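Written below as structure tokens is the structure these notes are about.
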């Protein structure tokens, strides 16, 4: 295995992002930052259709912010948690943009950014990456009918109702056109390996995913790339998974606790009767990155992040058949590039 | 939309492939060509575990043929039809190779080759692409319990029990090392757009996917790339979908009938009481490409193919909620490159 991150051969920027959330996310501490919010239905007659609608809206918002139309995008990569990723295929079928479907569970946001980076650094001008999750579609698919009102254990997480869309571009003219003193630039990416440490409790995804996050961070460290105090942002480890991650890394001599945050701990108010160990879902890391972190990079408040999308690669049948839950974590290093120092026309 | 195929910036070869099938596929006209076959269980206690095992075996065979070990592969892309693509995550978790999950339904083989091409042409030395399907996992997930013995309509297809794995390499030393006078080289790739023409019959996937195949072929034609009489190979349109494809293309002035074949029509003997309109599933195009087409390219019997993976991006809940079935078709152009004319060390 090549234990090195992939460096794009030309500069790649996240020039725009769109975020769409449900009412619970809107009521949380980041509520004011999201581009659009609705109830759980978004005007549709099923939760599945609502989730698809969120993807449609999120991509539309990201394109509008970047002043792009369909013809400006060469590729669209998207995935979600619903069986056969239909939130993506139904949500985005109205866009006539070449489409590649992904399945990375809750790591999909990072996987999409990673592939968008590879594509825009080689064959594309611009690529959009989209993902979503919805509490109601996930709950009834992975756990219980909502009407059943099942009790939740303390390690359980709450699936975010939300969708995030990102425009990744290798055209410096796009980067120069974006607002803000800084432009988020993807410096390198590292796909994760599947890691299975034997967790079988489907209500403890944090524990299943933390070893994968540790594995990717250690591979990144071993490649000599983990330098300085860049903010490490995990996708949805929650309180339980974050604590396990600190322990696993400490045993390997890596301390991240003072420069780590988890998207799953940022989106809801800490209320033990409700979201328990935190937020989760493909939408979780996507909307936090889109609405909060990238904006803070653009204003100069955050200089660099190691964004680690974390996912649990299981389904309900596998759990019922006694399988443990494999995890994965993909890394995307993003740095705030000074807009005035990006030469327009450099790689157009 | 950039209506042009993506050309890899350096030469990319399919240096090895592995195929694993069940007993029905083994009994078909291509039976003697597959690398390995088993019963429906492959020594496991569930069909889902058997499907995962096929992926593990197929990748192992492809790696062994290419004389590669884990550390020689920089990336692994894989997907399947089972909910949350767990055949890939469980089947391949024993390989310590950075992993990206895909969902492209039955187009996954082409999607994987497409992404492997982008990766190896830019940041990787070698990338493996793997996919699978299993009649029993698909039947009980998408249709009825097997014990129910549901009647099948004439347009229904039979999901292939099989897995195909491919090693894609940009190292000319790998290409030179492979057996055969010719080496399959990927010349360009074109991701498909999602196309929905309103088909709602989940027992007629051919009709749902044919418009997507026509769309990609026409986009390829419009880019000026559809030249000569390269063999056009669709993944699993079956008899119904192939006939629709001919009609759709004829209306646009494109005749392909005399240089087209469909993997779904090659794998089983034509027996109307059984496989009906033909074979389908991610494994269908993967094992036909791996075991038959690439071998015929290596011997010089086939010079060039336009390989179109076709997929139906639906799930059962969406059908029950009244959605129609969107299709997609990704194109990979493969040509037999003369091995003696590949300069060793050219891009290592």
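The values are calculated or read from the model by the stated rules, or taken from the named source; none is laboratory data. All figures in this text were calculated on a predicted structure; none of them were measured in a lab. Neighbour counts run over all protein chains shown; Cβ positions are idealised from the backbone, glycine included.
Brief remarks follow.
Conditions (1) at pLDDT 95 or above; (2) farther than 22 Å from residue B:173 by Cα, marked per residue:
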position: B:303; (1), (2): yes, no
position: B:308; (1), (2): yes, yes
position: B:322; (1), (2): no, yes
position: B:341; (1), (2): no, no
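- So residue B:226, is it surrounded by fewer than 24 Cβ atoms within 10 Å (Cβ to Cβ) and in contact (Cβ under 8 Å) with a residue 24 or more places away in the chain: yes
- Test for residue A:185: is it within 20 Å of the chain's Cα centre (by Cα), surrounded by fewer than 24 Cβ atoms within 10 Å (Cβ to Cβ), more than 14 Å from chain B (Cβ to nearest Cβ) and in contact (Cβ under 8 Å) with a residue 24 or more places away in the chain: yes
- Scope the stretch B:1-20; condition outside any strand (DSSP E or B) and closer than 30 Å to residue A:69 by Cα; matching residues: B:1, B:2, B:3, B:4, B:5, B:7, B:8, B:9
- Failed criterion for residue A:11 (all others in (1) modelled with pLDDT of 95 or more; (2) closer than 18 Å to residue A:286 by Cβ; (3) away from chain B (no Cβ under 13 Å) hold): (2)
- For the stretch A:313-348, the set of residues classified as part of a helix (DSSP H, G or I), closer than 19 Å to residue A:103 by Cβ and out of contact with any helix residue (DSSP H, G or I) (no Cβ under 7 Å at 6 or more places or on another chain) consists of A:319 only.
- Criterion violated by residue A:139 - all others in (1) more than 20 Å from residue B:76 (Cα to Cα); (2) touching a strand residue (DSSP E or B) at 6+ places or on another chain (Cβ under 8 Å); (3) in contact (Cβ under 8 Å) with a residue 40 or more places away in the chain satisfied: (3)
- Residues satisfying the stated conditions in the stretch A:157-172, i.e. in contact with a strand residue (DSSP E or B) (Cβ under 6 Å, 6 or more places away or on another chain), in a loop (DSSP other than H, G, I, E, B) and over 14 Å from residue A:55 (Cβ atoms): A:157, A:170
- Condition check for residue A:57: assigned to a helix (DSSP H, G or I), modelled with pLDDT of 95 or more and touching a strand residue (DSSP E or B) at 6+ places or on another chain (Cβ under 7 Å): yes
- Residues in the stretch B:50-73 that are surrounded by 22 or more Cβ atoms within 10 Å (Cβ to Cβ) and within 10 Å of another protein chain (Cβ to nearest Cβ): 2 in all.
- Against the conditions (1) more than 22 Å from the chain's Cα centre (by Cα); (2) within 22 Å of residue B:343 (Cα to Cα), residue B:178 satisfies every one except (1).
- The set of residues in the stretch A:316-330 being more than 7 Å from chain B (Cβ to nearest Cβ) and either in contact (Cβ under 8 Å) with a residue 40 or more places away in the chain or surrounded by 16 or more Cβ atoms within 10 Å (Cβ to Cβ) (or both) consists of A:316, A:319, A:322, A:324, A:325, A:327, A:329, A:330.
- Test: residue in the stretch B:169-179 that is at pLDDT 95 or above and buried (at least 24 other Cβ atoms within 10 Å of the Cβ): yes
- Lone qualifier among B:165, B:116, B:138 - being closer than 25 Å to residue B:300 by Cα, within 14 Å of chain A (Cβ to nearest Cβ) and within 19 Å of the chain's Cα centre (by Cα): B:116
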